[in-house]
Amino acid sequence: MTAEKYLIRRARLLGERTADLLIADGVIAEVGQDLEAEGARVVEAEGLIALPGFVDVHTHLREPGREDAETVETGTRAAAAGGYTAVCAMANSHPVADTAGVVEQVYELGRAAGWVDVHPVGAVTVGLAGERLSEIGAMAGSRAGVRMFSDDGKCVHNAVLMRRALEYVKTFDGVVAQHAQEPLLTEGAQMNEGAVSADLGLTGWPAVAEESIIARDVLLAQHVGSRVHVCHLSTRGSVEIVRWAKERGIDVTAEVTPHHLLLTDEKARTYDPVYKVNPPLRTEEDVLALREAVADGTIDVIGTDHAPHPIEAKECEWSCAAMGMTGLETALSIVQLALVETGAMDWAGVARIMSVTPARIARIEDQGRPLAAGEPANITLVDPRARRTVVPEDHQTKGRNSPFRGLEVPGSIRATFCHGHPTVLDGAVAGPRTDA
Amino acid sequence: MRHLLDTRDLSRAEAVSLLDTADRMGEVGHREVKKLPALRGRTVVNLFFEDSTRTRISFETAEKRLSADVINFAAKGSSVSKGESLKDTAQTLEAINADAVVIRHPGSGAPQRLATSGWIDAPVINAGDGTHAHPTQALLDAMTLRQHRARLASADTAGTDLAGLRVAIVGDVLHSRVARSNVWLLHTLGAEVTLVAPPTLLPVGVDAWPVAVEYDLDAALARGQDAVMMLRIQRERMNAAFFPSAEEYARLWGLTPERLRALEAAGGGTAILHPGPMNRGLEISSEAADSDRSLVLDQVTNGVSVRMAVLYHLLTGPQAPHGPDEEGHHDR
């Protein structure tokens, strides 16, 4: 809780009706017209859109282990700058987040940093090795209260192990978030397999390697009556499988990254490793299918897969380069560009895919809530009319590996309130919470 | 032309001009003094991240025949895993004022990265990158085919392209930078290219290339080819289920003595090319490799000429139709 009081004046809630929001004691005290400031600091929001604070189900904070790439502090500061109030920190740290000790460490680092709520994701298998289940119960019961489990970066490809994981997490109402990548079909894979990889002579990462795992997993989830989440879905075929599964009532959710909604494998022709990512950038046809799937609800959420790397990991030959792109500070803009400005989605839809549904999937109770009196004051103010050029050197993340460098994008984050505290104000990073 | 990274970037005019220069460079190799002063005082670095005695020797010969100062830099191993990065290597070469960099690298795209990163200003010549491109190999193949056709027609090569020439490229197209560079260059020069391979050794996406694709070598040969280019089968492919056995591969896609006899019986002047080194008995039989139809040694000879032409064009300006001859005479 915070003693700070703020009055957000004349924001368009979810891009619809205009109202004032009075924030006090970490919650939305009142929503209405022409509210009295009563000593609250006034935030003029004429023309701005108020959304529930964003929740990222897929963030790599790199700490512990790769503090040269990112720390919990820098990663969560980047998240706040991007309009986020909560992130799920993936488990592929060093050591891997496969014990209560590590997830509690990450959780505490997040609290100490104070920029957003950090919800650690627990590894499904020990050391992400895909051999035996990690201590899922201990992580669920820890102070971090882990509900999402993932070997992200690696696929739980052993079908029996995946089945057991899906069954076991039911104990805690948990979810397994699968990085769908059949390992044998993607040995040495460098980019999407297709016309461009044929030209470039880079080893292909075929769509079927993703689709076959998703098909198997939705059938497993159906068989054992569990909940499965598909990380960073990237192909048209995957969309069709998830759509089919949902029609059959299978409890599956799916995520897409901003970069897969905008960029294609044609970018690889530059051989600039900033475009090297896993799963790889796909084709135009895939991009259009992904956008349509977000619009019709087949894909539930945006997950950034924010993956910062030190400069030298990208300043090299394609084949030597690390996979991954930063994303927290460009997500809203890319979503606006790819979904809102194309007419695929309105701002209420953005709230759904970037806040409400992510919080529900990760079982985060106090995020993704309505903008209503009595709710936690997790609020993001977006200026949809803004135009800005992406300059990675200006980002809060340590990573400079944004694939959107130099691109003019719409939308900017004017303010982020995390439990009533403004982490971002007037379009600039303000400061972390100190009361958490 | 600032760099030579890929044959795909070459226009027909540029390619023909390079081949014309290469033909004239070839004459230098037959002189008593096999040297031109064209690159005197210029430093060319052969930056080889991958072993390749044949290509390095060919480039080195070309550079020396043009009187360049040659530095061989063997930097085996990928940059990140072993020691110095490509960037640091490039900046080192920049700092010693290298005038051109010839790069061979196991990673596709490394030469393009070098050329476009801003780490170095010197022209970059791709001497083979991963499974992507090997432009000087394709140029020497085109030079060899052009000579072959001119010989059959008792004509001159100068200014000609390969319009209508039927060329079958046979073997491991998937992993072949030679095949890729040949596809683009032969297409640009007007040849009709047929790729012949087991489906496992063709890339997904090959249907977008300006070629015909055929699985049956006998059918492709029966349609009549002016040349067949046999690609090397890497030994490691045999353990990765691309085909059941070396014997079956040789039977179905090798240039066997039987197929050589069929070519003889059909008449016509089908030439046999191979980029080397050959696996005799696998993709090509000794009978075929050593037959009169084989242009394998012409390819090696032409390799030097083509590399001289490329260096000459990149380092002394785009067009110099009489340059080498005149300078050659001055040299005497």
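Quick notes on this structure:
- Selection status of B:Glu32, within 14 Å of chain A (Cβ to nearest Cβ), open to solvent by 10 Å² or more (accessible area, probe 1.4 Å), in a loop (DSSP other than H, G, I, E, B) and modelled with pLDDT under 95: no
- Residue among B:Leu174, B:Leu140 that is within 14 Å of another protein chain (Cβ to nearest Cβ) and either in contact with a Lys or Arg (Cβ under 7 Å, 6 or more places away or on another chain) or outside any strand (DSSP E or B) (or both): B:Leu174
- Among the conditions (1) modelled with pLDDT under 95; (2) outside the structural domain of B:Thr61 (by TED's automatic domain parsing); (3) under 24 Å from B:His148 (Cα atoms), B:Leu273 misses just one, which is (1).
- Screening A:Val252 against (1) within 14 Å of chain B (Cβ to nearest Cβ); (2) closer than 22 Å to A:Val156 by Cα leaves a single unmet condition, (1).
- Subset of region B:105-114 that is open to solvent by 20 Å² or more (accessible area, probe 1.4 Å) and of a type outside the set (S, T, N, Q) - its residue that is farthest from the other protein chains (Cβ to nearest Cβ): B:Pro106
- Qualifying residue in region A:191-201 (condition: more than 14 Å from chain B (Cβ to nearest Cβ), among the β-branched types (Val, Ile, Thr) and either more than 28 Å from A:Arg282 (Cβ to Cβ) or touching a Gly at 6+ places or on another chain (Cβ under 9 Å) (or both)): no
- Region A:287-310: number of residues that are assigned to a helix (DSSP H, G or I) and either in contact with a His (Cβ under 6 Å, 6 or more places away or on another chain) or crowded, with 24+ Cβ neighbours inside 10 Å (or both): 2
- Residue satisfying condition, being under 21 Å from A:Arg62 (Cα atoms) and open to solvent by 10 Å² or more (accessible area, probe 1.4 Å), within set A:Gly141, A:Gly137, A:Gly130, A:Gly122: A:Gly130
- Residue check for A:Glu44: on the phi > 0 side of the Ramachandran plot and open to solvent by 10 Å² or more (accessible area, probe 1.4 Å): no
- Comparison of B:Leu231, B:Leu221, B:Leu217, B:Leu201 shows that the only residue that is among the hydrophobic types (A, V, I, L, M, F, W, C), surrounded by 14 or more Cβ atoms within 10 Å (Cβ to Cβ), away from chain A (no Cβ under 14 Å) and farther than 16 Å from B:Leu165 by Cα is B:Leu217.
- Where helices (runs of 4 or more DSSP H) fall wholly inside region A:311-391, the ranges with 2 or more residues that are more than 14 Å from chain B (Cβ to nearest Cβ) and farther than 21 Å from A:Leu281 by Cα are A:347-351, A:357-361.
- Residue satisfying all of: in region B:145-186; surrounded by 23 or more Cβ atoms within 10 Å (Cβ to Cβ) and of a type in the set (S, T, N, Q); farthest from B:Arg259 (Cα to Cα) among these: B:Ser181
- Taking every residue in region A:393-409 that is outside any loop (DSSP other than H, G, I, E, B) and pairing it with any residue that is open to solvent by less than 10 Å² (accessible area, probe 1.4 Å), at least 6 positions away or on another chain, the pairs with Cβ-Cβ distances below 7 Å are A:Val409/A:Thr330; A:Val409/A:Ser333; A:Val409/A:Ile334; A:Val409/A:Val390.
- Meets criteria (under 24 Å from the mean Cα position of the chain (by Cα), more than 22 Å from B:Asp6 (Cβ to Cβ) and within 14 Å of chain B (Cβ to nearest Cβ)) for A:Ala177: no
- Residue that is surrounded by the most Cβ atoms within 10 Å (Cβ to Cβ) [pool: residues in region B:42-68 that are part of a loop (DSSP other than H, G, I, E, B) and either in the same structural domain as B:Ala158 (by TED's automatic domain parsing) or modelled with pLDDT under 95 (or both)]: B:Phe49
- Of B:Arg293, B:Arg307, all but one fail to be modelled with pLDDT of 95 or more, among the basic types (Lys, Arg) and more than 20 Å from B:Val16 (Cβ to Cβ); the exception is B:Arg293.
- Where a residue in region B:121-136 is away from chain A (no Cβ under 12 Å) and touching a residue at least 12 places away in the same chain (Cβ under 8 Å) and its partner, wherever it lies, is part of a loop (DSSP other than H, G, I, E, B) and buried (at least 24 other Cβ atoms within 10 Å of the Cβ), with Cβ under 6 Å and at least six apart: B:Pro135/B:Asp6
- So A:Ala430, is it under 17 Å from A:Val42 (Cα atoms) and more than 21 Å from the chain's Cα centre (by Cα): yes
- Within region B:83-106, residues that are over 14 Å from B:Phe73 (Cα atoms) have Cβ atoms under 7 Å from residues that are at pLDDT 90 or above and of a type in the set (Phe, Trp, Tyr) in these pairs: B:Lys87/B:Trp119; B:Pro106/B:Phe49, counting only partners at least 6 apart in sequence or on another chain.
- Evaluating B:Val196 against the criteria (1) without any contact (Cβ under 8 Å) to a residue 60 or more places away in the chain; (2) under 24 Å from B:Leu139 (Cα atoms); (3) within 14 Å of another protein chain (Cβ to nearest Cβ) leaves one unmet condition, (3).
- Residue in region B:242-250 that is aliphatic (A, V, I, L, M) and farther than 16 Å from B:Ala168 by Cα present: yes
- The sole residue among A:Ala24, A:Ala29, A:Ala19, A:Ala37 that is among the small types (Gly, Ala, Ser), more than 26 Å from the chain's Cα centre (by Cα) and modelled with pLDDT under 95 is A:Ala37.
- Residue, nearest to the other protein chains (Cβ to nearest Cβ), within region B:82-104, restricted to residues that are part of a loop (DSSP other than H, G, I, E, B) and not β-branched (Val, Ile, Thr): B:Ser85
- A single entry from A:Val169, A:Val160 fulfils the requirement of being part of a helix (DSSP H, G or I), among the β-branched types (Val, Ile, Thr) and within 27 Å of A:Pro64 (Cα to Cα): A:Val169.
- Residue match in region A:198-211 (condition: β-branched (Val, Ile, Thr), closer than 27 Å to A:Met354 by Cα and open to solvent by 10 Å² or more (accessible area, probe 1.4 Å)): no
- Checking A:Gly188 against (1) closer than 30 Å to A:Tyr275 by Cα; (2) more than 14 Å from chain B (Cβ to nearest Cβ); (3) open to solvent by 40 Å² or more (accessible area, probe 1.4 Å); (4) out of contact with any Pro (no Cβ under 7 Å at 6 or more places or on another chain), the condition it does not meet: (2)
- Conditions (1) open to solvent by 20 Å² or more (accessible area, probe 1.4 Å); (2) touching a residue at least 60 places away in the same chain (Cβ under 8 Å); (3) over 29 Å from A:His309 (Cβ atoms); (4) of a type outside the set (Val, Ile, Thr); number of the one not met by A:Asp426: (2)
- Some residue of region A:213-227 being within 14 Å of chain B (Cβ to nearest Cβ) and open to solvent by less than 10 Å² (accessible area, probe 1.4 Å): no
The values are calculated or read from the model by the stated rules, or taken from the named source; none is laboratory data. The shown structure was predicted, so the numbers you read here are calculated from the model rather than taken from an experiment. Virtual Cβ from ideal backbone geometry, glycine too; neighbours counted across all protein chains shown. Side chains are part of the model used for accessible areas, which takes the heavy atoms of the whole protein and leaves out ligands, DNA and RNA. Shrake-Rupley method; radii C 1.70, N 1.55, O 1.52, S 1.80 Å.
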